[in-house]
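As structure tokens, the structure follows; a few thoughts come after it.
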Amino acid sequence: METAEFVETLDREGRLLAAAAEAAGTDAKVPTCPEWQVRDLVRHTGMVHRWAAAFVAEGYTSYRPGGGLPDLDGEELLAWFREGHRRLVGTLAGAEPDVECWRFLPAPSPLSFWARRQAHETTVHRIDAESARGGVRSEISSGFAADGIDELLRGFHARDRSKVRSDEPRVLRVRATDAGDAVWTVRLSQEPPAATRDAAGDADCEVAGPAQELYLALWNRQPFPHVSGDAAVAGLWRERSAVTWS
């Protein structure tokens, strides 16, 4: 996907998140994140949007912590979220393609990294907001979902901080059934997971299904749609793969 497509997705997903949060109410529990109410979700995502926008807008070339969570609730909190979301979308849409700033995953450019990361950040949390609201969930395209799987497996969990480790070498295969060549082989060991986009060699366990369902399952928002082979390998992923803010 191109940077402009990620920015368009970010714009749409942020609007959907705000609408779902408003419909649910800030007191509502978030089933996909049981420790949160909707106000926690909106505060967190709004903070991340402002944090990300600052790197691009100010050209910060080293890590800076987030600005903290606002002491807002109800309509004021939703207005604050919407303003920060608009600022992030505008910053990314108006940035020079060669802008230099800090990033934490490999990408063709800092701008493409932030557009991609915030599109996926916002999509996953939109799912959280819709789980609190209930009713029909908005769809995620198979191509975007496959890209998010790739970012998670070959980006987030390639880092030393990943907790997905196995005392004995194990192989997990991830296969999206509706996205062409969207197949990954994830080798688990005492080192960070090593994922490749292929179906090379044998796997101890395979998780398969539509890309949207796998995307949400790998982000621990729902069970895996289909598991074959040693289910303990899929269980290990679910137990240890949470990505948390720090």
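Within the stretch 180-200, which residues are closer than 19 Å to residue 164 by Cβ, open to solvent by 40 Å² or more (accessible area, probe 1.4 Å) and not acidic (Asp, Glu)?
187, 190, 194, 196, 197 - these are the residues of the stretch 180-200 that are closer than 19 Å to residue 164 by Cβ, open to solvent by 40 Å² or more (accessible area, probe 1.4 Å) and not acidic (Asp, Glu).
Which ones in the stretch 157-179 are crowded, with 19+ Cβ neighbours inside 10 Å and in a helix (DSSP H, G or I)?
Answer for the stretch 157-179, where residues must be crowded, with 19+ Cβ neighbours inside 10 Å and in a helix (DSSP H, G or I): just 157.
I need every pair where a residue in the stretch 176-197 that is among the small types (Gly, Ala, Ser) has its Cβ under 6 Å from the Cβ of a residue that is open to solvent by 20 Å² or more (accessible area, probe 1.4 Å) and at pLDDT 95 or above, sequence separation at least 6 or different chains.
Qualifying pairs under 6 Å: 179/142; 189/169; 194/187; 195/154.
The values are calculated or read from the model by the stated rules, or taken from the named source; none is laboratory data. What you see is a predicted model, and the numbers here were worked out from it, not measured in a lab. In this analysis, Cβ positions are derived from the backbone assuming ideal geometry, glycine residues included, and neighbour counts consider all displayed protein chains. Only protein heavy atoms, including side chains, enter the accessible area calculation; ligands, DNA and RNA are left aside. Shrake-Rupley method; radii C 1.70, N 1.55, O 1.52, S 1.80 Å.
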